[in-house]
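Worksheet: the structure to be examined is printed underneath.
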Amino acid sequence: MTKTQSFKGWQGIKRAFGTPSAATMLFFGFGCGLPFLLIVGGTLSTWLRDIGLALSLIGLLSFASFFYVLKFLWAPLLDRYALPLLGRRRGWLFVSQLLLMLALLAMAYTDPTAHLSTLIAFVALAAFAGATQDILVDAYRIEIVEIHAQGALAATYTLGYRVGLILGGAMALYFAELFGWKTTYTVMALLMLLPLAATLLAREPTARVAIRKVSLAEAFIEPFREFFSRNGVLLALAFLVFVGLYKFPDQMIGVLAGPFYLDSGYTKADIATVSKLYGVWLGIGGAFLGGICVAAFDIRKLLAFAAVAVAF
């Protein structure tokens, strides 16, 4: 029996969820989930439709989500260069979180009707920082524990992510209904202090292999060369298509969901109530069930099942 297999079943579940890093990933997941709807999802589009912007302009703003799709382009730079403080992973993570918080604050104090181009620039900056944060959180999770505990970290990350989505989605709409959009985005920006504090308090992962200094060209080319040589061209392309298309429909249609609800006569509080009472709790339950299944069963079978379930 291999080391990974020995951690399957109930014993694997207890040991995986008992790692201190599982709590750290809760706050990191919160930091990744909180800004998503605020910068590329339904909350931003609801704000812009609420003040009367055309659907065509709101649809164009959804292209900010491509920062999340194209984040592999600058991910090698985060591996090649380390900041002098906090370590290779936490240093860049802290910078991305701080930049994200400042961009959200800037959005809060920008009037879209008078300075739309400025708002678009801040949205793009926030999306870039949010995508960079995602890169570093993924790298941190992979490096901080052995493979047997990855399911637990993925579960606590997803729980934090869902809580962030609640605040950045449903609660943001409640706040906007009561206090206005400026106050809402200011409060949401200040909530990024929680993952910032978690980054400062977390321990830096220990590199399992020596990090070799490579040229800038190698930093971009080598990961792709290794990926294709290890998996073969056809299988590697299949992986990329699978990852690229898995959540693509949700992200594209979700941007215009908020404006659709507003145009249908619902208030921001109505939208928040339905989102909070139904979808979110199912998502949290699914996150923990998924983490338990990953700790106990074969990941390939689970992925096949989930792909069919998501399609339905």
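The values are calculated or read from the model by the stated rules, or taken from the named source; none is laboratory data. Nothing here was measured: the structure is a model prediction, and the numbers come from that model. For neighbour counting, all protein chains shown are included, and Cβ atoms are generated from backbone atoms with ideal geometry for every residue, glycine included. All accessible areas refer to the heavy atoms of the entire protein, side chains included, with ligands and DNA or RNA removed. Shrake-Rupley method; radii C 1.70, N 1.55, O 1.52, S 1.80 Å.
Brief remarks on what is shown
- Screening Leu77 with (1) under 30 Å from Leu173 (Cβ atoms); (2) in a helix (DSSP H, G or I); (3) over 16 Å from the mean Cα position of the chain (by Cα) gives one miss only, at (1).
- Residue among Arg230, Arg203 that is more than 26 Å from Leu165 (Cβ to Cβ), modelled with pLDDT of 80 or more and not in a helix (DSSP H, G or I): Arg203
- Residue in segment 108-121 that is within 23 Å of Gly164 (Cβ to Cβ), modelled with pLDDT of 90 or more and hydrophobic (A, V, I, L, M, F, W, C) present: yes
- Across segment 167-182, the number of residues qualifying as in contact (Cβ under 8 Å) with a residue 60 or more places away in the chain and open to solvent by 20 Å² or more (accessible area, probe 1.4 Å) comes to 6.
- Boolean, Ala121 is assigned to a helix (DSSP H, G or I) and open to solvent by less than 30 Å² (accessible area, probe 1.4 Å): no
- Verdict on Phe36 being within 22 Å of Ala172 (Cβ to Cβ), without any contact (Cβ under 8 Å) to a residue 60 or more places away in the chain, in a helix (DSSP H, G or I) and out of contact with any Cys (no Cβ under 6 Å at 6 or more places or on another chain): no
- Residue tally, condition modelled with pLDDT under 80 and open to solvent by less than 10 Å² (accessible area, probe 1.4 Å), over segment 41-61: 2
- From the list Tyr161, Tyr109, the lone residue that is within 21 Å of Leu34 (Cα to Cα), aromatic (Phe, Trp, Tyr) and within 13 Å of the chain's Cα centre (by Cα) is Tyr161.
- Pairs where the first residue, in segment 287-300, is without any contact (Cβ under 8 Å) to a residue 60 or more places away in the chain and the second is of a type in the set (S, T, N, Q) and open to solvent by 60 Å² or more (accessible area, probe 1.4 Å), C-beta under 9 Å, 6+ apart: none
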